[in-house]
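I have placed the structure first, in the form of structure tokens, so that the comments after it can refer back to it.
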Amino acid sequence: MFREGIVRRYSAKAFGRSLWVFHTNTGGCNACDIEILDVLTPYFDVERFGIKLVGSPRHADVLVVAGPVTRPMIEPLKRLYESTPDPKVVLAIGACAVGGGIWFDTYNVVGGLDKVIPVDLFIPGCPPRPEAIIYGVALALGLVVKKVSYEREEQIPPEEILANLRKESGL
């Protein structure tokens with residue numbers, strides 16, 4: 001799930017060159033970090049797509065965030081987002097960054113990344129496989145065609161369901 005208009009509009013224009021990525025963790029177990037770093041190894045070799053890890057958010061085009069947002073990380077995360085130059089893309093990697101993961105209802109966890117900063121792409125999984133991370137980035141940049149579409153079924157109000165059940169049972 002991602003904000004299609006913003007990412008695709010910027011990717012063609014501003015991200016025609018290589019993508020520079022800054023990676024951070026906001027309080028998770030580091031399993032997603034291992035998978036993200038695996039994507040950057042020669043085995044998966046995302047540098048062939050022009051994706052490169054940088055050491056400063058001031059040089060980055062993409063923020064890759066793993067882990068649930070803990071209360072002590074709220075302000076540093078906002079500063080990190082503000083220090084990244086526009087246009088930027090924010091990726092939430094893993095179940096914890098998407099919605100808080102198994103810590104979603106604990107006292108020190110605010111929730112997913114979208115509670116603090118705007119997110120362009122969510123890649124779920126605990127941890128997501130490197131192939132899923134690469135596919136998510138390629139999907140956001142328009143390099144591949146979307147395979148699955150989201151459809152929402154019509155919701156029937158509970159009162160109508162009860163009325164139908166009473167009518168069918170003869171009550």
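All of the numbers you see were taken from the coordinates with simple rules; none came from a lab. Fair warning: this is a prediction, and the values are worked out from it, not measured in the lab. Cβ: placed from backbone, ideal geometry, glycine included. Neighbour counts: every protein chain shown.
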So how do VAL39, VAL116, VAL54, VAL145 line up by other beta-carbon neighbours within 10 Å, fewest first?
-> VAL145, VAL54, VAL116, VAL39
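Give the peptides 135-143, 43-51, 161-169, 86-94 in descending order of average Cβ contacts within 10 Å, highest first.
Ranked from most to least packed, the peptides come out as 86-94, 135-143, 43-51, 161-169.
Which percentage, to the nearest 5, of the DSSP beta bridges contained in region 4-169 is antiparallel?
Numbers: 2 of 18 bridges.
Roughly 10 percent of the beta bridges in region 4-169 run antiparallel, per DSSP.
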Assertion target for ILE123, ILE102, ILE74, ordered by fewest C-beta neighbours within 10 angstrom first, is ILE102, ILE74, ILE123
At 0.36 nm per residue, minus the direct Cα-Cα distance, what do ASP86 and ASN164 gain on full extension? Give it in nm, one decimal, please.
-> 22.7 nm
